[in-house]
Amino acid sequence: AAEIVTGALQDHDRAVVVGETTYGKGLVQRVLPLTGNTALALTTAFYYTPSGRSIQKSLKSGQLTVGLSHPEFKTDAGRTVVGGGGIQPDMVVEPSAVTRLQAALDASGAVTNFATDYTQKNKVPPDFQVTPALLDDFKVYASQRGIQPSVGEWIRDRDWVQSRLQQEILNQGLGVEKGDEVEARRDTVVRAALQKIG
């Protein structure tokens, strides 16, 4: 549904789409049960945007990659937008690459577990900030769980760790919407969109 709404907003010049090209799944399918615990997914329709762009990436039988053909369409105000699979943004912004330390911390659950311990022992005020002392406590906590970044990794990812800790402690202490505010402030796509609208 998100691709349909995004395409409609873009076609009617009601939004500037920022980020990456969407996945490109715009099929309506009906599942028909068969014998032996099997089923057939029959495609019955495709989703199109108001300008006529197909949301579905088109692959011919036996084709493994999407071709580079992107037919052009016009928005209500005459801007050119392209079809051929997914909704292409007006402003391409790639998300930040995940570092080794970030992946290790998220996969291990260290940030979430530390936040759980913290919120069980401390009341979280609405203006909560991660102090240098709390960040040091987390570094020890992570180290005790086998996550020992190099000095260079810690320096590079320190701000991310601080922000991620703040997000998770706010999630658990005051609710997900408070943590989401922190996450949005570090999100490269959100920051680019805010800069675009002024």
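Summary table
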{"quantity": "Test set (1) under 30 Å from F46 (Cα atoms); (2) in a loop (DSSP other than H, G, I, E, B); (3) not hydroxyl-bearing (S, T, Y) - V81 fails condition number", "calculated": "(2)"}
{"quantity": "Residue within region 181-195 that is within 29 Å of V17 (Cα to Cα), of a type in the set (S, T, N, Q), in a helix (DSSP H, G or I) and in contact (Cβ under 8 Å) with a residue 12 or more places away in the chain present", "calculated": "yes"}
{"quantity": "Residues (touching a residue at least 40 places away in the same chain (Cβ under 8 Å) and either over 18 Å from T21 (Cβ atoms) or surrounded by 16 or more Cβ atoms within 10 Å (Cβ to Cβ) (or both)) located in region 90-105", "calculated": "V93, T99, R100, L101, Q102, A104, L105"}
{"quantity": "The lone exception for P149 - which of (1) part of a helix (DSSP H, G or I); (2) touching a residue at least 40 places away in the same chain (Cβ under 8 Å) it fails", "calculated": "(1)"}
{"quantity": "Among (1) in the same structural domain as V18 (by TED's automatic domain parsing); (2) surrounded by 13 or more Cβ atoms within 10 Å (Cβ to Cβ) - the single one T80 does not satisfy", "calculated": "(2)"}
{"quantity": "Residue match in region 131-153 (condition: small (G, A, S) and within 25 Å of A193 (Cα to Cα))", "calculated": "no"}
{"quantity": "Qualifying residue in region 29-45 (condition: of a type outside the set (A, V, I, L, M, F, W, C), under 23 Å from the mean Cα position of the chain (by Cα) and modelled with pLDDT under 95)", "calculated": "no"}
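The values are calculated or read from the model by the stated rules, or taken from the named source; none is laboratory data. Predicted model only: the values in this text are computed from it and were never measured. Cβ: placed from backbone, ideal geometry, glycine included. Neighbour counts: every protein chain shown.
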